[in-house]
1. Could you go through the stretch 157-175 and let me know if any residue there is surrounded by 16 or more Cβ atoms within 10 Å (Cβ to Cβ) and either in contact with a Gly (Cβ under 8 Å, 6 or more places away or on another chain) or without any contact (Cβ under 8 Å) to a residue 40 or more places away in the chain (or both).
2. Does the stretch 191-208 hold any residues that are polar (S, T, N, Q) and either farther than 23 Å from PHE294 by Cα or surrounded by fewer than 16 Cβ atoms within 10 Å (Cβ to Cβ) (or both), and which are they?
3. Test ALA149 against the stated conditions and say whether it is at pLDDT below 90 and either of a type outside the set (D, E, K, R) or not assigned by TED's automatic domain parsing to the domain that holds GLU44 (or both).
4. Looking at ARG289, ARG318, ARG311, which one is without any contact (Cβ under 8 Å) to a residue 24 or more places away in the chain, touching a Pro at 6+ places or on another chain (Cβ under 9 Å) and not acidic (Asp, Glu)?
5. Which condition breaks for SER38 when tested against (1) closer than 23 Å to ARG69 by Cα; (2) of a type outside the set (Phe, Trp, Tyr); (3) modelled with pLDDT under 90?
Amino acid sequence: MESGIILCVDDDSTVLNALRSVLSSHFGSEMEFEFAESGEEALEIDAEIRSQGRELGLVISDFMMPGLRGDELLVRLHASTPNTVKILLTGQSDMSGVKRAINDANLYRFLEKPFLNEDIVLTVRAAIRAYHQERDLIRQNEQLRQMNAELESLVQARTLELVEKNRELEILSVTDKLTGLANRRKLDQVLDEELIRARRYGVEFSVAIMDIDHFKRVNDQHGHAAGDLVLEAMARILRQCTRDADVVARMGGEEFVVVCRHAGMDRCQLVAEKIRATIESHDFSGIGRVTASFGVAVFVKDDSIASLMARADAAAYRAKAGGRNCVEISDEPG
């Protein structure tokens, strides 16, 4: 028994002495004993023990006592120490108090007076074993509760980790590895979304295709590492010159696309011109002057993504053919 405390309660000192003698001789090496001559005194002893962070293991109480009766005492003790094993001694033939103790105090056993020492010893030994088993069960349940809590915490952490990993993978799946811009897959998603909004709600949007002029010459003269640096610098310039609402993507190689949301031809042309001028004035260290050509197209009725992009691409081709480093707007279909 973890607490190792047995409390005996009886208003008859003769009975208390008899209990002291028989219990000490059989359990004195392993147990502590407390004795009370009234229910009130028993409650005080219990309160003191609990204040020490301990618990009564077993209470043996007489039934008929002046003041607080035994059944009433056990009910009170059960409220404060429900794990305590309770034994009631009674010399009364009236079983109502015993029944109350059974129902309201989880009475373990009752013994009739006068009791036999052998009955007391056997009952107390069984009560000690029952207390041990109950404490072990409580301890095991607490361990299981802690294990379940730890498992739930681990599952939650792993779930959050998995969600974060999936989010990272989703970002990677739509991001160009070199520049950090949207990739072709993401560009296609954005264009499809804008097409639906334009057709359903009449929301304007435009696209600008940008192609770096003579980019092959950069790779041939300075190496692909230098070419990568130019592409990364272009990505930074594109971000600086566009709104958060716009989508900037690397379509492939040296070709980029800006999707100007809620913007018509004039707005998209201004954005393209701003990007062109910024590139022209940018210092590409160790490489020299780098420029870019642009083709701009606005969504019109009956456009598809293919037709819109084809018009922007044709405008970019005219910019290249017309001397490069300029912005051309597309002809509306007609």
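The values are calculated or read from the model by the stated rules, or taken from the named source; none is laboratory data. All figures in this text were calculated on a predicted structure; none of them were measured in a lab. All Cβ positions, even for glycine, are placed from backbone atoms using ideal geometry, and neighbour counts span all protein chains on display.
1. yes
2. none
3. No; evaluated as a whole, the condition is false for this residue.
4. Exactly one residue qualifies, and that residue is ARG311.
5. (3)
Table: residues versus (1) under 16 Å from LEU23 (Cβ atoms); (2) of a type in the set (Lys, Arg); (3) surrounded by fewer than 21 Cβ atoms within 10 Å (Cβ to Cβ); (4) in the same structural domain as SER24 (by TED's automatic domain parsing).
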| position | (1), (2), (3), (4) |
| --- | --- |
| GLY39 | no, no, no, yes |
| GLU48 | no, no, yes, yes |
| GLY53 | no, no, yes, yes |
| LEU58 | yes, no, no, yes |
| PRO66 | no, no, yes, yes |
| LEU89 | yes, no, no, yes |
| ALA101 | no, no, no, yes |
| ARG109 | yes, yes, yes, yes |
| GLU112 | no, no, yes, yes |
